[in-house]
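Engineer: Have a look at this one before I ask anything.
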Amino acid sequence: MAQEKTQEKTMLGVRRRDAGRTRAELLDVATEEFAERGYSGARVDEIADRTRTTKRMIYYYFGGKEQLYLAVLERAYAEIRAAERAVDVDHLDPVAAVRRLAEVTFDHHEAHPAFIKLVGVENAQQAKHMNHVAGLVDLNSSAVALLEGVLERGAADGVFRSGVDALDVHMLISSFCFFRVANRHTFGALFDRDLLDPARREFYRTMLGDLVTGYLRI
């Protein structure tokens, strides 16, 4: 009897792991599909084919195309917020902490061009789907709250100006990192400079930190 229960638990664990892998694979492929084709152009059939599954299985896990898209959006934002939370800002001085948070966004956006495209897709639709993602506002508020704590510490230490809006700083960081990836091709065509050129990567990374800390200093 005990052996049968052990076997049942083992099988349940295997099914859960398999379900987790299947769901993650579907989200990976769906992220690429929505990023490349937009919400309207993306096809659930294509996602099913690329994951060697069926539309029925996608509907089983997510409920439908819109729900799948919402799950893709939620995971995309959760990943960047998780990367920010991984920074131990409490043990860094305020200037170093701000630089490190800016670098996290810089590195993430460069490594996840699909995220940039998804944000563009959602902006083209006036962010109409984001309102249906439960907790997305709270999730992204964590980035501002994290910055706010560092800015308050910097002001108390006398290294940052007081009264700076953390959301403005978040916008400054995001705009630099987003532009560098999203506008790479048009900028290159106009000015013959590749914003993702590895030879200039550290220059731009340092430039971002200088811009943000320069804005914050007294």
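Engineer: Just to be sure I understand the filter: pairs with C-beta atoms under 9 Å, separated by 6 or more residues or on different chains, first member in the range 75-94 and touching a residue at least 24 places away in the same chain (Cβ under 8 Å), second member aromatic (F, W, Y) and open to solvent by less than 10 Å² (accessible area, probe 1.4 Å). Which pairs pass?
Structural biologist: Qualifying pairs under 9 Å: P94/F160.
Engineer: Continuing with this model, one more query. If you check L190, L195, L216, L172, which single one turns out to be under 14 Å from E103 (Cα atoms), at pLDDT 95 or above and either hydrophobic (A, V, I, L, M, F, W, C) or crowded, with 17+ Cβ neighbours inside 10 Å (or both)?
Structural biologist: Every option except L172 fails the conditions.
Engineer: Now for a separate question. Identify all residues within the range 67-96 that are closer than 30 Å to I218 by Cα and touching a Leu at 6+ places or on another chain (Cβ under 9 Å); write none if there are none.
Structural biologist: R81, E84, R85, V87, V89, P94, V95
Engineer: Within the range 103-113, how many residues turn out to be assigned to a helix (DSSP H, G or I) and open to solvent by 30 Å² or more (accessible area, probe 1.4 Å)?
Structural biologist: The qualifying residues number 5.
Engineer: May I pose another question? Return the only residue of E32, E74 being on the phi < 0 side of the Ramachandran plot, open to solvent by 70 Å² or more (accessible area, probe 1.4 Å) and at pLDDT below 95.
Structural biologist: After ruling out the rest, the residue left standing is E74.
Engineer: Across the range 140-188, what is the number of residues that are within 15 Å of the chain's Cα centre (by Cα) and either farther than 24 Å from L118 by Cα or of a type in the set (V, I, T) (or both)?
Structural biologist: 3
Engineer: Among G135, G158, G154, which is modelled with pLDDT of 95 or more and surrounded by fewer than 17 Cβ atoms within 10 Å (Cβ to Cβ)?
Structural biologist: Only one candidate qualifies: G158.
Engineer: Among the residues of the range 163-181, are any under 24 Å from S141 (Cα atoms), in a loop (DSSP other than H, G, I, E, B) and among the hydrophobic types (A, V, I, L, M, F, W, C)?
Structural biologist: Checked against the condition, which is being under 24 Å from S141 (Cα atoms), in a loop (DSSP other than H, G, I, E, B) and among the hydrophobic types (A, V, I, L, M, F, W, C), the range 163-181 yields at least one hit.
Engineer: Another question about this same structure. Can you tell me how many residues within the range 35-70 are open to solvent by less than 20 Å² (accessible area, probe 1.4 Å), under 26 Å from A124 (Cα atoms) and either basic (K, R) or outside any helix (DSSP H, G or I) (or both)?
Structural biologist: 2
The values are calculated or read from the model by the stated rules, or taken from the named source; none is laboratory data. Bear in mind that the values here come from a model prediction, so they are computed numbers and not experimental data. Note that we place each Cβ from the backbone using ideal geometry, even for glycine, and neighbour counts take in every protein chain shown. Calculation scope for accessible area: heavy atoms of the full protein, side chains included, ligands and nucleic acids excluded. Shrake-Rupley method; radii C 1.70, N 1.55, O 1.52, S 1.80 Å.
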